[in-house]
Amino acid sequence: METNRQDFRLLFCNRNFLLATCSGAITRLGDSLDMVVFGLIAYEITGSASMIALIYGVNRLPNILLQPFCGPLVERVNKKWVQAAGLTGRGLVVLLVTGLLWSERLATPWLFLATLLNSTLECFTI
């Protein structure tokens with residue numbers, strides 16, 4: 001029993017394990033925040049609570065439809081490249097939504113498209 005605890009402690013001394021765990025936690029936090037914020041933006045634009053539900057539905061749709069196929073596809077290519085491209089793409093989508101929101105040009109269809117694209121890229125990075 002003591003060796004299991006010792007092995008567990010050694011795991012947290014491993015720098016790569018800590019980096020992977022922390023970066024994964026930050027990424028998942030960002031995933032959750034963008035889903036919530038996109039829903040709030042949809043409500044702000046339309047004033048309709050049902051738009052929040054629609055945005056959440058569009059956010060989950062790629063996970064349901066694409067995620068079973070993304071794993072085998074990603075296994076065939078360089079995973080670091082997929083991670084870098086997916087996270088960069090998601091960052092650019094968020095920047096685009098932010099720019100459109102600040103310039104008051106963000107319309108509901110753009111928000112739906114951004115949500116769909118963001119969730120699709122998330123399927124590949126997961």
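Restricting attention to the range 35-75 and to residues that are free of Cβ contacts under 8 Å to residues at least 12 places away in the same chain and within 14 Å of Phe124 (Cα to Cα), the residue that is nearest to the chain's Cα centre (by Cα) turns out to be Ile64. Scanning the range 80-105 for residues that are among the charged types (D, E, K, R) and surrounded by 12 or more Cβ atoms within 10 Å (Cβ to Cβ) returns a single hit, Arg90. Test Thr98 against the criterion of being among the hydroxyl-bearing types (Ser, Thr, Tyr) and farther than 30 Å from Leu11 by Cβ, and give yes or no. Answer is yes for this residue. Of everything in the range 106-126 that is hydroxyl-bearing (Ser, Thr, Tyr) and under 26 Å from Thr46 (Cα atoms), the residue that is surrounded by the most Cβ atoms within 10 Å (Cβ to Cβ) is Thr115. Restricting attention to the range 58-71, the residues that are open to solvent by 40 Å² or more (accessible area, probe 1.4 Å) and modelled with pLDDT of 90 or more add up to 6. Could you tell me whether the range 53-65 includes any residue that is basic (Lys, Arg), touching an Asp or Glu at 6+ places or on another chain (Cβ under 9 Å), under 18 Å from Trp110 (Cα atoms) and in a helix (DSSP H, G or I)? Scanning the range 53-65 turns up no residue that is basic (Lys, Arg), touching an Asp or Glu at 6+ places or on another chain (Cβ under 9 Å), under 18 Å from Trp110 (Cα atoms) and in a helix (DSSP H, G or I).
With respect to the conditions (1) assigned to a helix (DSSP H, G or I); (2) farther than 20 Å from Ser23 by Cβ, Glu104 falls short on a single one, namely (1). A search for C-beta distances below 7 Å between a residue of the range 13-34 that is within 29 Å of Val97 (Cβ to Cβ) and any residue that is open to solvent by less than 70 Å² (accessible area, probe 1.4 Å), counting only pairs 6+ apart in sequence or on different chains, returns Asp31/Glu122; Asp34/Val94; Asp34/Asn118.
The values are calculated or read from the model by the stated rules, or taken from the named source; none is laboratory data. Since we're looking at a predicted model, the values are computed, not measured. Quick reminder, even Gly has a Cβ in these numbers, built from the backbone with ideal geometry, and neighbours come from all protein chains shown. Each accessible area value is taken on the protein alone, full model and side chains, heavy atoms only, with ligands, DNA and RNA left out. Shrake-Rupley method; radii C 1.70, N 1.55, O 1.52, S 1.80 Å.
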